[in-house]
Amino acid sequence: MDFNGKLRGHVALLGANVCWGLMAPIAKLVLAAGIVTPLVLTDCRIVGAAILFWLLSLCGRREHVPAGDLLRLAGAGMLGILFNQGCYIFGVGYTSPGEASIITTTMPMWVMVLSRIILKAPITGGKAFGILLGAAGAFMLVYSSLGTSLRGNNPLLGDLLVLTAQLSYALYLTLYKNFLKKYSLVTMMKWMFTFAAVAVLPFSVGDIAATDWSSLPPSVGWGIAYVVFMGTFVAYICMMTGQKALMPTVVGMYNYFQPIVATCVGLYLGLDVFTPLKGVAVALIFAGVYLVTISTRTQNASLSANDR
């Protein structure tokens, strides 16, 4: 992968996590209206994105996917989309966006551990230190803004569901690292979202039918539109671009940018104030991402040299 490809991967991952950083408070506001349930919002994400990816696939060349690979794509859809999105949306509905953001900071750690177990990737001191730096910065950012969060009615259940979402996505990043490069981004996404939609719809038809769509206020409608288009369709295009270019541990590290986005939104809306602690936290996150990126690059260069 050339320098431009890796740079494009970093920019894409940043874009994906900006979209997701905005999605937690937006999804919470949508659910707080009491009209759309977490299951229906999950359906909107998955089915809406599946339709958009199929429409996008009409603009490019068709790729044949054999039955064996379709089965693997079904597994990827369950881990990377259904369990990840479903558990996250349900979790945010039960807990606060602030607590959910704290739990998302654990994902890079799970990726590092699973990469060691599944991919036999060594855990270097630089990589571990970088992840800890980033986690510390993200925790400081979220903890300093917890007072502005919307509260949930079952924080323990919500936190466990958000944690399950992180574990599911970490497993997806690790198991499918090499398979992701076999097909185009659009082919991967249209099949993964299709399988996820087929799996979730039978359990949610009743909720969809019971939803009073005519009473949705415009703010909730726009919130759902953001979750489907920016928080899912655009974010997954960016994430897949980054996954194809960079190692799983580096991909996971970009989760730490989500609290930065949430803090910036709070500052812009006047719901938060900038403090020196927040400045230190942002610096720690950037330093952590840099250390993990450099450590991974050095590790890959060493492996390549040994292969020669």
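The values are calculated or read from the model by the stated rules, or taken from the named source; none is laboratory data. All values reported here derive from a predicted model rather than from experimental measurement. So basically every Cβ, Gly included, is an ideal-geometry build from the backbone, and we count neighbours across all protein chains shown. Please note that ligands, DNA and RNA were not included when accessible areas were found on the heavy atoms of the full protein model with its side chains. Shrake-Rupley method; radii C 1.70, N 1.55, O 1.52, S 1.80 Å.
Give me the pairs, please: first residue somewhere in segment 21-50 and basic (Lys, Arg), second residue anywhere and assigned to a helix (DSSP H, G or I) and crowded, with 22+ Cβ neighbours inside 10 Å, beta-carbon distance under 7 Å, and either six or more positions apart or on two chains.
Partner pairs satisfying both residue conditions: 28/92; 28/97; 45/85; 45/227; 45/232.
Given the options 117, 123, name the one that is open to solvent by 20 Å² or more (accessible area, probe 1.4 Å), more than 25 Å from residue 261 (Cβ to Cβ) and not in a helix (DSSP H, G or I).
Criteria check complete, one pass: 123.
Kindly indicate whether residue 26 is of a type outside the set (Lys, Arg), surrounded by fewer than 23 Cβ atoms within 10 Å (Cβ to Cβ), modelled with pLDDT of 85 or more and closer than 20 Å to residue 161 by Cβ.
yes
Can you name every residue in segment 37-86 that is β-branched (Val, Ile, Thr) and part of a helix (DSSP H, G or I)?
Those that are β-branched (Val, Ile, Thr) and part of a helix (DSSP H, G or I): 40, 42, 46, 47, 51, 81.
To keep it simple, each residue is scored yes or no on (1) on the phi > 0 side of the Ramachandran plot; (2) touching a strand residue (DSSP E or B) at 6+ places or on another chain (Cβ under 9 Å); (3) modelled with pLDDT under 85.
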{"residue": "9", "(1), (2), (3)": "no, no, no"}
{"residue": "17", "(1), (2), (3)": "no, no, no"}
{"residue": "21", "(1), (2), (3)": "no, no, yes"}
{"residue": "34", "(1), (2), (3)": "yes, no, no"}
{"residue": "37", "(1), (2), (3)": "no, no, no"}
{"residue": "40", "(1), (2), (3)": "no, no, no"}
{"residue": "43", "(1), (2), (3)": "no, no, no"}
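Identify the single condition in (1) modelled with pLDDT of 80 or more; (2) hydrophobic (A, V, I, L, M, F, W, C); (3) not in a helix (DSSP H, G or I) that residue 132 does not satisfy, given that it satisfies every other one.
Going through (1) modelled with pLDDT of 80 or more; (2) hydrophobic (A, V, I, L, M, F, W, C); (3) not in a helix (DSSP H, G or I) one by one, residue 132 breaks only (3).
Could you list, ordered by first residue, the pairs with Cβ atoms under 6 Å in which the first is in segment 83-97 and over 15 Å from residue 43 (Cβ atoms) and the second is in a loop (DSSP other than H, G, I, E, B) and open to solvent by 20 Å² or more (accessible area, probe 1.4 Å), at least 6 apart or interchain?
That search, which allows pairs on different chains as well, returns 94/152; 94/154; 95/152; 96/149; 96/150; 96/151; 96/152; 97/149.
What are the pairs, 6+ residues apart or on separate chains, where a residue within segment 190-201 that is in contact (Cβ under 8 Å) with a residue 40 or more places away in the chain and among the basic types (Lys, Arg) has its Cβ under 6 Å from a residue that is in a helix (DSSP H, G or I) and open to solvent by 10 Å² or more (accessible area, probe 1.4 Å)?
Hits for this filter: 190/54; 190/57.
How many of the residues making up segment 181-207 are aromatic (Phe, Trp, Tyr), surrounded by fewer than 19 Cβ atoms within 10 Å (Cβ to Cβ) and under 14 Å from residue 46 (Cβ atoms)?
Total meeting the criteria: 1.
Test residue 4 against the stated conditions and say whether it is surrounded by 20 or more Cβ atoms within 10 Å (Cβ to Cβ) and either under 14 Å from the mean Cα position of the chain (by Cα) or free of Cβ contacts under 8 Å to residues at least 60 places away in the same chain (or both).
Judged against the criteria, residue 4 is not a match.
Condition (residue is under 15 Å from the mean Cα position of the chain (by Cα), among the aliphatic types (A, V, I, L, M) and crowded, with 22+ Cβ neighbours inside 10 Å) applied to segment 32-39: is it met by at least one residue?
Scanning segment 32-39, I find no residue that is under 15 Å from the mean Cα position of the chain (by Cα), among the aliphatic types (A, V, I, L, M) and crowded, with 22+ Cβ neighbours inside 10 Å, so the answer is no.
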